[in-house]
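Right, one structure below, let's go through it.
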Amino acid sequence: NANADRDGRDALLEELSYTLGTQSYENQDGSVNVQLPSGLPLVSRFEAFSLEAVPTSTGSELQLNLTNTTRPVDNNSLGGEFKGLVYLRDEFIPQVRDDLDKLAYNLANEVNTLHAGGTGLDGSTGLNFFSTPLSVGPDPWTGAAAGIEVAVTETAQVAAGQSSASGDNRNALLMAALKDTKAIDGTHSFGSFYAKTTSEIGVESAQNQLSVSGLEDTM
């Protein structure tokens, strides 16, 4: 006869389903079992277990504390909003960051190659326009987007010409033409690669908004 308590419990179960994708069912004695999508128990009749974040060398990972033992909880064991957040953290954002690093790395290298072959108004040559940090990961471009900087310190060092003559902009025109060169993976220009990256972000956002809207319609 505890209708208010049952309503409160239903509200909590609905919230768990939204945030973690849990499934629940009522036992004959009126108690409720709650499970993660993988079948791992969160509540078993009158006993509740806890999800815990455990620090690792690369960040943190989840585990389920089952009183006498623990079980790792990966993204396949999660659902709902939390699965989306873990996917963003572990997969989507690292991929976007890697794309931006690759864009910065290739841009710096292509510009530097042409710039080093040109001549500034002060007669300087062989200088890089951009300085990029050493890789901090498995790929040579890792960290490039965060560390790319202009290397020249004086405007007269900008190698716009193929000579130091005033008005010589032949090298600047070559660098400007890089915008149409398929310099990334042999298939993308700098503009098209950036457009692809931003498009993927837009598609992901739209799909998530659609999923949220569909879920709200069923609740």
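The values are calculated or read from the model by the stated rules, or taken from the named source; none is laboratory data. Just so we're clear, the structure is a prediction, and the values are computed from it rather than from any experiment. Please note: Cβ atoms are built from the backbone with ideal geometry, for glycine as well, and neighbour counts cover all protein chains shown. These accessible areas exclude ligands, DNA and RNA; they are computed on the full protein's heavy atoms, side chains included. Shrake-Rupley method; radii C 1.70, N 1.55, O 1.52, S 1.80 Å.
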*Which net charge results for the neighbourhood of residue 54, defined as the other residues with beta-carbon distances under 13 angstrom from its beta-carbon, given Lys and Arg at +1 and Asp and Glu at -1?*
-2
*What's the center-to-center distance, using Cα atoms, between the range 67-127 and the range 13-36 in Å?*
39 Å
*Gain in length, residue 162 to residue 90, computed as 0.36 nm per residue apart minus the alpha-carbon separation, to one decimal in nm?*
21.3 nm
_Step by step: find N for the range 1-139, compute 2.2 N^0.38 Å, then divide the Cα radius of gyration by it. What's the final number?_
1.83
_I need the shape label for the range 1-43. Rule: rounded when a/c is under 1.5, else prolate if a/b > b/c, else oblate, with a, b, c from the alpha carbon gyration tensor._
oblate
*asked:* Can you compute log10 of I(q)/I(0) for the range 53-112 with the Debye formula, treating each Cα as one identical point scatterer, at q = 0.14, 0.19, 0.29 Å⁻¹?
replied: -0.57, -0.80, -1.17
_Rough spin-label spacing in nm, given labels placed 7 Å along Cα→Cβ, for residue 150 and residue 187_ = 3.4 nm
*asked:* From the alpha carbon gyration tensor of the range 63-148, can you work out the equivalent ellipsoid semi-axes (sqrt of 5 times each eigenvalue) and give them in Å, largest to smallest?
replied: 46, 12, 8
_Per-residue ³J(HN,Hα) for the range 137-149, Karplus 6.51 cos²θ - 1.76 cosθ + 1.60, θ = phi - 60°, Hz, x for Gly and Pro_ = x, x, 9, x, 8, 4, x, 5, 5, 7, x, 5, 9
*Which of the chymotrypsin sites (Phe, Trp or Tyr not before Pro) across the range 93-134 are loop residues per DSSP, with 11 or fewer other Cβ within 10 Å?*
none
*Assuming R0 = 25 Å, can you tell me the calculated FRET efficiency for the pair residue 26 and residue 70, based on Cβ-Cβ distance, to the nearest 0.05?*
0.35
*Would you calculate, for the chain, the mean residue ellipticity at 222 nm contributed by helices, counting each DSSP H stretch of 4 or more residues as -39,500 (n - 2.57) and dividing by all residues, to the nearest 500?*
-13500 deg cm²/dmol
*asked:* Defining a contact as two alpha carbons under 8 Å apart and six or more residues distant in sequence, what relative contact order in percent does the chain show?
replied: 12 percent
*Net charge of Cβ neighbours under 12 Å - reference residue 15; Lys, Arg +1; Asp, Glu -1*: -2
*asked:* Taking loop as defined by DSSP and a crowding limit of 14 other beta carbons within 10 Å, which trypsin sites (Lys or Arg not before Pro) in the range 1-76 fit?
replied: 45
_Difference of contour (0.36 nm per residue) and Cα-Cα distance, residue 206 to residue 178_ = 6.9 nm
*So what is the orientation-averaged projected area of the range 76-219, using the convex hull of its C-alpha atoms, in nm²?*
11.5 nm²
*Leaving out ligands and nucleic acids, note down the accessible area per residue over the chain with a 1.4 angstrom probe, in whole Å².*
62 Å²
*Any chance you could list P(r) for the range 121-168, counting all Cα-Cα pairs in 5 angstrom bins from zero, rounded to whole %?*
5, 21, 22, 14, 13, 11, 9, 4, 1
*What FRET efficiency do you get for residue 139 and residue 81 if R0 is 22 Å and r is their Cβ-Cβ distance, rounded to the nearest 0.05?*
0.10
